[in-house]
Amino acid sequence: MNHLNSILLEGNLLSDPKVVVTAPLGESWGSMVKFDLANHRVYRSDQGETKDDVLMMGCIAFGDLAEKIMPILKCGMRARVLGRLRCSKWTAKDGSERKSYEIVCQHIEFKRKKRGNKDEEEFSLSDEEKTADKVSESVFFYQYD
């Protein structure tokens, strides 16, 4: 049985996506783009106070998906990211063990305004390995054996 590792997060981009690494031509992997997504939640505490909770999560996209989103996504845009959670571990200079978590994107949805128009058009981009249909099936329909 395969284990499920899937995360869906919606929020606003904290900065423009940045190309971190590009492979030389002929390599099996392509571009890698990194961006940060901020998810904002407002709730009431037990004492009745209004509280804010902001989650900031790093996101990475590879290959064709990275190349497609690079010229489109901009700081402040609202986006919905579907992917898998990845943990990176390393040892800091002081000898302490560190961890960081990020989302490896498989599917990204976002809206942007048409030029000279108040209407918004919706975009949905997926990694070539998973089409939008397969992504939605794998996330929202899961059977245990």
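The values are calculated or read from the model by the stated rules, or taken from the named source; none is laboratory data. Predicted, not measured: the structure shown is a model, and the values here were computed from it. No Cβ is skipped: glycine too gets one built from the backbone with ideal geometry, and neighbour counts run over all protein chains shown.
Points worth noting:
- Unique residue being modelled with pLDDT under 90, surrounded by 10 or more Cβ atoms within 10 Å (Cβ to Cβ) and out of contact with any Phe, Trp or Tyr (no Cβ under 7 Å at 6 or more places or on another chain) when the list is LYS118, LYS34, LYS114, LYS68: LYS68
- Residues that are surrounded by fewer than 13 Cβ atoms within 10 Å (Cβ to Cβ) and touching a Phe, Trp or Tyr at 6+ places or on another chain (Cβ under 6 Å), drawn from region 37-65: LYS51
- Residue match in region 89-101 (condition: acidic (Asp, Glu), out of contact with any helix residue (DSSP H, G or I) (no Cβ under 8 Å at 6 or more places or on another chain), loosely packed, with under 10 Cβ neighbours inside 10 Å and modelled with pLDDT of 90 or more): yes
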